[in-house]
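Here is the structure we will look at.
The values are calculated or read from the model by the stated rules, or taken from the named source; none is laboratory data. Computed from a predicted model, the values in this text were never measured in an experiment. Here the Cβ positions follow ideal geometry from the backbone for every residue, glycine too, while neighbour counts run over all protein chains shown. Ligands, DNA and RNA are excluded from the accessible area calculation, which covers all protein heavy atoms including side chains. Shrake-Rupley method; radii C 1.70, N 1.55, O 1.52, S 1.80 Å.
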Amino acid sequence: MPSFKNRNKALYLRLKNYSFKLFRMQLSEQELLRRQKCQELRALGIDPFPAELFPLTHHSETAKRTFEKQEDKPEVAPLTVALAGRLMSFRIQGSASFAEIQDEQGRIQLYFRRDDLCPGEDKTFYNTVFKKLLDIGDIIGVNGYLFRTQLGEITLHVTSFKLLTKALRPLPIVKEAKDEAGNTITYDAFSDAETRYRQRYVDLIVNPQVREVFRKRTRLVNVMRRYLDALGYLEVETPILQPLYGGAAARPFKTHHNTLDMTLYLRIANELYLKRLIVGGYDGVYEFSKDFRNEGMSRFHNPEFTQIELYVAYKDYDWMMNLVEEMVEQIALELHGQTTVRVGENDINFARPWKRLTMFEAIAHYTGIDISAMDENELRKTAEKLGVETDASMGKGKLIDEIFGLHCERKLIQPTFITDYPVEMSPLAKKHRSKAGLVERFEAICNGKEICNAFSELNDPIDQRERFESQVELGMRGDEEAMTLDEDFLRALEYGMPPTAGLGIGIDRLSMIMTNQQSIQDVLFFPQMRPEKKAQIASVTDFKALGVAEMYVPIIQKLGLLTIEDFKKATPSKLHNDLCGMRKKMKLEAVPNPTREEVENWLRG
RNA sequence: GAUUUCGUAGCUCAGCUGGUAGAGCAAUACACUUUUAAUGUAUGGGUCCCGGGUUCGAAUCCCGGCGAAAUCACCA
């Protein structure tokens, strides 16, 4: 707005100043101060966000370990290192100070001495830059040599340091101490689940145990990958955007492809694609697959989650049970150095072999009732007697499943294979080789929850078509989770799929167990959350769009009308009145009062 | 989806039957050369989630909304 500027530069500057002050009003005192410190650093010729690289020699832990090895060899020169990390604490004592930085490996204490950092007359670098202009949260690089303090802590005597990144927001301060028994006591833990999930970066900075959980999760995946690669199986990738969704009973997310002008679904499983690859001639394929299910959220359910699915030709579900046992046992050993893992109140032992029960045996064991020979009527009566809520739509399979879910699943703490499921619940599993009405399927249950699901895969295309068709019927009756009929998958089966064993393991669920976390949100970096709702602060441009002259904006903001929504809700007479009043209060004599008509036009615009 | 609980300073939390908003840590200022949640003294910091209602008066009581957690149901 140059003409306006030229005509009344003083006024313009004054208005700018008001806008600036208003902007600052939204920042906390500590944030303002840190911005100010940036300016002071620049004035001293220090860039708070320098570009050049900072060469590191070590990380905190490796530096300490290296020091320990040569500590009692006086003939070796002191270990000099260059480290970088985030400042996590300060203990300033006049012309000497202790601080801690945290890098990827952990923390190391730093010792600063004024006369080392500022050997000459000018003590600015210590007194001002270090003591006044650095804050907890800033990232610095340090050079120096390691020594051990009188209290025995390995410490870096800093000979020079460089600010690498200024942090403009204050971090939560979490402090730890040891009591007489040597237990760590945490003070002011950053524990609010919502903030931790929404700002995971802060959670990771201040909660080292959280960083460790995610390291374990990655190691868990790596163990599986190594194990399967060693068996010669091929890690593959299959489509996430699928024209038909299948392979599981779940409601999908739906999206649209513009060029093809077609509906696509985010995958709920990758099973049908992996089996196509078995048809194609690979003997073993697996994929760590992000799947998406448009269903409820809870501490066990996130809309996107990770599964590994594995398919191996010429094998059956018995063989697959052995693989699962061995692979999961290896995970426990790798992560914990033993087969026993503490989960909540329980010690869970993953040592092979795991207990194996058929579903009927499990029900007989926990309810004392043998249901294996019952028909649907008897089953329904038994279910009701056992406290299962039934309705007419529930068939044999569903009834059995409900009884199992209510009376058995949550009682199975130690890893246990449950085998031989009713055929109605498993449209992709092969009929049992000897037991009518059942399929060759197993789940591993652990800590009262399913951790895997596997079967001898159905490879009879005619049987598969019938199972799909009955699913389609369920769908027409309103079951939103029923599977759709995938013609191309059937076509693939018609070319012949070898007998195949298939497996799915929920990586998130297994990670929860292996890291002793109560919520799936604690093993996902960025769990799905409702959007943060924050009032959108209107800019000068937003107000101008309504026809409000720039000179009125600071007055409107001063009135507390920060969002267009609030502004629009104002009544013309009151707004006009307040505006004129505030103009006077702010002593903006050069700004003319708007007319009542103008104000009405803004609110209409 | 249902029920219960919660939302107060940068963080962790007090705040009683309604009466001017509090503590510790963090921040700011001063002191302090090996500290360990460093310490001492002083100072500043708030849309009490949002919107209504009751009331002379609401962080507090009531209603509605938003967000979160726990339990239950479904699902991996």
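The condition (being over 27 Å from A:Leu438 (Cα atoms) and surrounded by fewer than 16 Cβ atoms within 10 Å (Cβ to Cβ)) is satisfied by just one residue among A:Thr340, A:Thr306: A:Thr340.
For the list (1) more than 14 Å from A:Asn447 (Cα to Cα); (2) open to solvent by 40 Å² or more (accessible area, probe 1.4 Å), I need the number of the one condition that A:Ile413 fails. Looking at each condition in turn, A:Ile413 falls short on (1).
Condition test on A:Leu220, is it open to solvent by less than 20 Å² (accessible area, probe 1.4 Å) and assigned to a helix (DSSP H, G or I)? Considered against the rule, which asks whether it is open to solvent by less than 20 Å² (accessible area, probe 1.4 Å) and assigned to a helix (DSSP H, G or I), A:Leu220 comes out as yes. Can you find a residue in region A:453-462 that is within 12 Å of RNA strand B (Cβ to nearest atom), under 34 Å from the mean Cα position of the chain (by Cα) and in a loop (DSSP other than H, G, I, E, B)? No, the conditions are met nowhere in region A:453-462.
Anything in region A:469-506 that is open to solvent by less than 20 Å² (accessible area, probe 1.4 Å) and hydroxyl-bearing (Ser, Thr, Tyr)? List them, or say none. Hit for region A:469-506 is A:Thr500, nothing else. Could you grab me the full set of residues in region A:273-294 that are open to solvent by 50 Å² or more (accessible area, probe 1.4 Å) and farther than 17 Å from A:Gly504 by Cβ? If the condition is that a residue be open to solvent by 50 Å² or more (accessible area, probe 1.4 Å) and farther than 17 Å from A:Gly504 by Cβ, then A:Gly280, A:Gly281, A:Tyr282, A:Asp283, A:Asn294 are the ones that fit. If you go through region A:469-500 and keep only what is modelled with pLDDT of 90 or more and in contact with a Ser or Thr (Cβ under 9 Å, 6 or more places away or on another chain), you end up with A:Pro499, A:Thr500.
Please specify each residue of region A:275-297 satisfying the condition of being touching a residue at least 40 places away in the same chain (Cβ under 8 Å), within 16 Å of RNA strand B (Cβ to nearest atom) and not acidic (Asp, Glu). Result: A:Phe288, A:Ser289, A:Lys290, A:Phe292, A:Arg293, A:Asn294, A:Met297.
Scanning region A:176-208 for residues that are closer than 20 Å to A:Gln105 by Cβ and within 7 Å of RNA strand B (Cβ to nearest atom) yields a count of 1. If only residues of region A:136-156 that are open to solvent by 20 Å² or more (accessible area, probe 1.4 Å) and either within 28 Å of A:Glu31 (Cα to Cα) or small (Gly, Ala, Ser) (or both) are counted, the one that is farthest from RNA strand B (Cβ to nearest atom) is A:Ile139.
Scanning region A:223-232 for residues that are open to solvent by 30 Å² or more (accessible area, probe 1.4 Å) and touching a Leu at 6+ places or on another chain (Cβ under 9 Å) yields a single hit, A:Leu231. A count restricted to region A:90-128 and to residues that are in contact (Cβ under 8 Å) with a residue 60 or more places away in the chain and within 12 Å of RNA strand B (Cβ to nearest atom) stands at 1. Being touching a residue at least 60 places away in the same chain (Cβ under 8 Å), farther than 10 Å from A:Thr500 by Cβ and more than 24 Å from the chain's Cα centre (by Cα) is a description that applies to A:Met321. Among the numbered conditions (1) in contact (Cβ under 8 Å) with a residue 60 or more places away in the chain; (2) among the acidic types (Asp, Glu); (3) within 16 Å of RNA strand B (Cβ to nearest atom); (4) surrounded by fewer than 21 Cβ atoms within 10 Å (Cβ to Cβ), the only one that A:Glu345 does not meet is (1). Taking (1) under 28 Å from A:Tyr111 (Cβ atoms); (2) small (Gly, Ala, Ser); (3) crowded, with 18+ Cβ neighbours inside 10 Å in turn, A:Gly247 satisfies each apart from (1). Considering A:Ala429, A:Ala373, the condition of being among the small types (Gly, Ala, Ser) and open to solvent by less than 10 Å² (accessible area, probe 1.4 Å) is satisfied by A:Ala429 alone. A:Arg42 falls short on exactly one of the conditions (1) surrounded by 14 or more Cβ atoms within 10 Å (Cβ to Cβ); (2) at pLDDT 80 or above; (3) more than 36 Å from the chain's Cα centre (by Cα), and that condition is (1). Give A:Ala167, A:Ala177 a once-over and let me know the one that is outside any strand (DSSP E or B) and open to solvent by less than 50 Å² (accessible area, probe 1.4 Å). So the residue among A:Ala167, A:Ala177 that is outside any strand (DSSP E or B) and open to solvent by less than 50 Å² (accessible area, probe 1.4 Å) is A:Ala167.
A:Cys452 passes every criterion in (1) surrounded by fewer than 20 Cβ atoms within 10 Å (Cβ to Cβ); (2) closer than 30 Å to A:Leu412 by Cα apart from (1). Inspection of region A:262-278 finds no residue satisfying the criterion of being over 26 Å from the mean Cα position of the chain (by Cα) and in a loop (DSSP other than H, G, I, E, B).
May I ask you to verify whether A:Thr159 is near RNA strand B (Cβ under 7 Å from one of its atoms) and either in contact with a Gly (Cβ under 9 Å, 6 or more places away or on another chain) or assigned to a strand (DSSP E or B) (or both)? Criteria not met by A:Thr159.
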